[in-house]
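Enquirer: First the structure, which I've put down as structure tokens, then a few questions once you've had a look.
Computed from the coordinates by the stated procedures, all read-outs in this text should not be read as laboratory data. Remember, predicted model here, so these are calculated numbers, not experimental data.
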Amino acid sequence: MDSAVAGLLAAVVGVGGTLGSAWLTQRRGDASRREEWEHLERTRRTELAAQQVESGREAHKAAYTEFNAAARHYLASLNDHAHVLRIGYDTQESMATVEAARADYRRRYAEAQMTVPDTVLTEVRRVDISLGSVYGTLARLTHGTAREADDLGNVREQIKQAWRDLSRMRATMRTDLGVSGPSHE
């Protein structure tokens, strides 16, 4: 019986080892597949986050570009209208151009209020105040309802300040987009 028991014991150990080996191999395979899946999921999440950041950056860039262009066009049409007033030409056509530029600007300003970060919004508001000041003075001069301090010399100074405010806003936008600073050429 000793040899029969030993043989039986050897068979049990052999079968147990074979089964245990298969079980351990299966567990290692499952763990390996789980680690691989987790790695792929982390990579997917990282790529998705990077895409979202880039998409947000592109959206900001588009909004900044459109707002800057609308503000510059509005200020240029205000400047042109000031020249028309100074020369003494009929202001009807010039004022219509100002109003069209103003409408486009106001739409872009409303968009900016909802999309730009606070640091940029501070500069956008500063530009809006400058443009509103120029517009108000020119409108009063155009319609004959000028206040005591309203004159074309004051308008010229307001326009210069508005250009400075636009430059400051543009610099803030460029910094937010990460495109300002020295060239890396």
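Enquirer: Hey, what's the Kirkwood Rh for the range 73-123 if you take every pair of different alpha carbons, in angstrom? Don't jump to the answer; show the numbers that get you there.
Expert: Working: mean 1/r = 0.0819 Å⁻¹.
Computed over the range 73-123, the radius equals 12.2 Å.
Enquirer: Restricting to Cα atoms and excluding each atom paired with itself, what does the Kirkwood estimate give for the range 20-67 in Å? Please report the intermediate quantities before stating the final value.
Expert: Values: mean 1/r = 0.0732 Å⁻¹.
Final number for the Kirkwood radius of the range 20-67 is 13.7 Å.
Enquirer: Working from the alpha-carbon coordinates of the range 10-115, get Rg over Rh, Rh being the Kirkwood radius. Please list the in-between numbers first.
Expert: Numbers: Rg = 33.9 Å, Rh = 19.9 Å.
In the range 10-115, Rg relative to Rh is 1.71.
Enquirer: Volume per residue, Å³, of the convex hull around the alpha-carbon atoms of the chain?
Expert: Values: hull volume 32.9 nm³, N = 185.
Given the Cα convex hull of the chain, per-residue volume reads 178 Å³.
Enquirer: Which semi-axis lengths, in whole Å and largest first, follow from the square roots of five times the eigenvalues of the Cα gyration tensor of the range 90-156?
Expert: Working: eigenvalues 140, 47, 11 Å².
Working through the eigenvalues yields semi-axes of 26, 15, 7 Å.
Enquirer: Convex hull volume of the Cα atoms in the range 52-96, per residue, in Å³? Intermediate values should be presented prior to the final figure.
Expert: On the way: hull volume 1.9 nm³, N = 45.
Cα-based convex hull of the range 52-96, divided per residue, equals 41 Å³.
Enquirer: Okay, moving on. Could you tell me, in Å, what Rg and Dmax come out for the Cα atoms of the range 130-172?
Expert: Values for the range 130-172 (Cα only, Rg and Dmax): 11.6, 38 Å.
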